[in-house]
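A.B. asks: Provided herewith is a single structure, encoded as structure tokens, for subsequent inquiry.
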Amino acid sequence: MEAGKHSYMAEATALLRAAHQVLDADPKILQDPLALSLLGSDTEDRIQADLERMQREHLRGARAFAVMRSRFTEDALAEAVANGVGQYVILGAGLDTFAYRNPFPEDELTVFEIDHPDTQRWKLGQLEAAGVTPPANVHYTPVDFEKQSLAEGLASGDFDSAKPAFFSWLGVTYYLNMEAVLETFKIVGGMPSSSQLVFDFVVDDSVLTESEQAGVARVSNVVKGYGEPWLSRFAPNALQETLLGLGFSATRYVSASETHEIYFASRSDGLFAHSALQLMSATV
Ligand SMILES: C[S@@+](CC[C@H](N)C(=O)[O-])C[C@H]1O[C@@H](n2cnc3c(N)ncnc32)[C@H](O)[C@@H]1O
């Protein structure tokens, strides 16, 4: 990220969620009308004006993955809440809108948004400009994962580290150095039993076909051009071993074929997600 500026990729990802509301068939994978409002009142016009690019295969694949990972996460969160988890920590929240369309009663689920200070400041401005008043059960904590520990950030607020929590970390691990990723795994892995982490990661070349590797290299070059290069990648099996060594008791690798079956196989618009990015769920 460029010093002093919000994450460009946070804005780009929110635009993908907004485009899903406008361009893709019903039923939506993620119902997220606020994604449009947070980017400004002209967002739908901007999407329509850029239609040809928005409908290119790589951008359809990117937005399919972006909405699917949020939907998968919110489905897993609902299960955790049903099992009594009352804290949701959104790591690297960007313009995630869950907190403002939270379907659970205010006293049942407290939401903590953790993000880089520059992005969090920008988000608060976007919320205000869109006329969205954050509910009382949402807490904001600025943390730069590469300079501060998540533990320090959580300790500075109302988070109760004696109770289990559900963590999401979407669209972030690949932008951080390996040390910062492992440190954060370790902190979440040290949370009370039945805490859970859902995150996505860029798959290592060692488990990709040559054409998939070429696809990853293309996207990697694009994001690097925006000043947010991909720094950390994982092979799924090795990642599971790593998580088990850092305090988690169980991991679930959610493969592209599994998410395709759940979310895309029966769609009428042929939407399907990029397979270079994949999901992992780990439980303490
Ligand atoms: C691609 S965006 C994803 C945002 C959001 N999770 C979503 O799905 O829309 C990446 C996020 O990672 C955050 N991020 C990047 N580097 C960070 C760092 N060193 N510390 C904290 N957050 C960081 C950015 O501020 C941004 O919100």
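Only the coordinates and a few stated rules stand behind these numbers; no lab work does. Bear in mind that the values here come from a model prediction, so they are computed numbers and not experimental data. Note that each Cβ is placed from the backbone with ideal geometry, even for glycine, and that neighbours are counted across all protein chains shown.
A.B. asks: Among the residues of the stretch 1-12, write down those that are surrounded by fewer than 19 Cβ atoms within 10 Å (Cβ to Cβ) and either more than 13 Å from the ligand (Cβ to nearest atom) or in a loop (DSSP other than H, G, I, E, B) (or both).
C.D. replies: The answer is Met1, Glu2, Ala3, Gly4, Lys5.
A.B. asks: Now, a different point. For Arg53, indicate whether it is closer than 18 Å to Ala19 by Cβ, of a type outside the set (A, V, I, L, M, F, W, C), within 14 Å of the chain's Cα centre (by Cα) and part of a helix (DSSP H, G or I). Give the steps one after another, and end with the answer.
C.D. replies: Details: closer than 18 Å to Ala19 by Cβ: yes; of a type outside the set (A, V, I, L, M, F, W, C): yes; within 14 Å of the chain's Cα centre (by Cα): no; part of a helix (DSSP H, G or I): yes.
No; evaluated as a whole, the condition is false for this residue.
A.B. asks: When you scan the stretch 98-119, how many residues do you find that are within 16 Å of Tyr175 (Cβ to Cβ) and crowded, with 19+ Cβ neighbours inside 10 Å?
C.D. replies: 4
A.B. asks: Of the conditions (1) more than 17 Å from the chain's Cα centre (by Cα); (2) closer than 30 Å to Ser193 by Cβ; (3) not aliphatic (A, V, I, L, M), Phe72 clears all except one; give me its number.
C.D. replies: The failed condition is (1).
A.B. asks: For Val81, state whether it is closer than 26 Å to Thr141 by Cβ, among the hydrophobic types (A, V, I, L, M, F, W, C) and either out of contact with any helix residue (DSSP H, G or I) (no Cβ under 8 Å at 6 or more places or on another chain) or more than 15 Å from the ligand (Cβ to nearest atom) (or both).
C.D. replies: yes
A.B. asks: Moving on. Taking Ser193 and the conditions (1) hydroxyl-bearing (Ser, Thr, Tyr); (2) part of a loop (DSSP other than H, G, I, E, B); (3) crowded, with 20+ Cβ neighbours inside 10 Å, which numbered condition does it fall short on, given that it satisfies the others?
C.D. replies: Every condition holds for Ser193 apart from (3).
A.B. asks: Only residues that are within 30 Å of Ala162 (Cβ to Cβ) and in contact with a Lys or Arg (Cβ under 8 Å, 6 or more places away or on another chain): list them for the stretch 31-84, please.
C.D. replies: Ser70
A.B. asks: Would you check which residues across the stretch 13-34 are among the charged types (D, E, K, R) and either touching a helix residue (DSSP H, G or I) at 6+ places or on another chain (Cβ under 7 Å) or not in a loop (DSSP other than H, G, I, E, B) (or both) and list them?
C.D. replies: Residues satisfying the conditions are Arg17, Lys28, Asp32.
A.B. asks: State yes or no: is Ala136 surrounded by fewer than 18 Cβ atoms within 10 Å (Cβ to Cβ), under 24 Å from Thr283 (Cβ atoms), away from the ligand (no atom under 13 Å from the Cβ) and among the hydrophobic types (A, V, I, L, M, F, W, C)?
C.D. replies: Working: surrounded by fewer than 18 Cβ atoms within 10 Å (Cβ to Cβ): yes; under 24 Å from Thr283 (Cβ atoms): no; away from the ligand (no atom under 13 Å from the Cβ): yes; among the hydrophobic types (A, V, I, L, M, F, W, C): yes.
For Ala136, the condition - surrounded by fewer than 18 Cβ atoms within 10 Å (Cβ to Cβ), under 24 Å from Thr283 (Cβ atoms), away from the ligand (no atom under 13 Å from the Cβ) and among the hydrophobic types (A, V, I, L, M, F, W, C) - is not met.
A.B. asks: Tell me the strands (runs of 3 or more DSSP E) entirely within the stretch 68-155 that contain at least 2 residues that are hydrophobic (A, V, I, L, M, F, W, C).
C.D. replies: Because the criterion is at least 2 residues that are hydrophobic (A, V, I, L, M, F, W, C), the strands (runs of 3 or more DSSP E) in the stretch 68-155 that meet it are 87-91, 110-115.
A.B. asks: Something else now. Looking only at the stretch 149-183, which residues are within 13 Å of the ligand (Cβ to nearest atom), surrounded by 15 or more Cβ atoms within 10 Å (Cβ to Cβ) and more than 22 Å from Val223 (Cβ to Cβ)?
C.D. replies: Ser149, Leu150, Gly153, Phe167, Glu183
A.B. asks: If you don't mind, there's one more thing I want to ask. When you check Glu228 against the structure, is it in contact with a Ser or Thr (Cβ under 8 Å, 6 or more places away or on another chain), surrounded by 12 or more Cβ atoms within 10 Å (Cβ to Cβ) and assigned to a helix (DSSP H, G or I), yes or no?
C.D. replies: no
A.B. asks: If Lys186 satisfies all but one of (1) within 19 Å of His274 (Cα to Cα); (2) in contact with a Leu (Cβ under 7 Å, 6 or more places away or on another chain), what's the number of the condition it fails?
C.D. replies: Only one criterion in (1) within 19 Å of His274 (Cα to Cα); (2) in contact with a Leu (Cβ under 7 Å, 6 or more places away or on another chain) is unmet by Lys186, namely (1).
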